[in-house]
Amino acid sequence: MQLYLSDEIAQVTRPVRELVGFQRFAIEAGGRRRVTFHLHADRTSFTGRDGKRIVEPGAFTVAVGRSSLDLPLKPASASPERSGRSRARE
């Protein structure tokens, strides 16, 4: 399972989708499994215009799936100042 973030608004150009976490596990076809990601706000940091690492306030789109081309789980936007973790169910 892969966890991606998309920065909706930033002072510099950011990747459309950035892989920020993953978990590997086996699951049978049609099976279900609860997956929890613990994501520290530092994973949203980037190099700003002045060359320093920053974490800007604002919303990020969270997407979870088997690959960057298969992201069926897209919960509401998350903000690093409000929550350090994101949860999704398969």
Rounded to whole Hz and in sequence order, give me ³J(HN,Hα) for segment 38-47 from the Karplus expression 6.51 cos²θ - 1.76 cosθ + 1.60, θ = phi - 60°, writing x for Gly and Pro. 9, 10, 6, 4, 4, 5, 9, 6, 7, 7
Please turn the phi angles of segment 7-14 into ³J(HN,Hα) values with the Karplus equation 6.51 cos²θ - 1.76 cosθ + 1.60 (θ = phi - 60°), one per residue in order, whole Hz, x for glycine and proline. 7, 6, 9, 9, 6, 10, 5, 10
Please list, in order, the residues from segment 2-39 whose amide nitrogen is less than 12 Å from a point placed 7 Å along the Cα→Cβ vector of Arg66. 2, 27-31
Could you tell me which residue out of Gly51, Phe37, Thr61 lies farthest along the dipole of segment 7-66 toward its positive end? Charges go on the beta carbon: Lys and Arg +1, Asp and Glu -1, centred on the Cα centre. Phe37
Residues meeting the amide H criterion for Phe37 (H placed from the backbone, H to H distance under 5 Å, 5 or more places apart or on another chain) are Ser86, Ala88
Would you calculate the convex hull of the Cα atoms in segment 1-70 and tell me its volume per residue in Å³? 97 Å³
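Only the coordinates and a few stated rules stand behind these numbers; no lab work does. Quick caveat, the model's predicted, so the values are computed rather than measured. Heads up, the Cβs are rebuilt from the backbone with ideal geometry, glycines too, and the neighbour counts pull from every protein chain shown.
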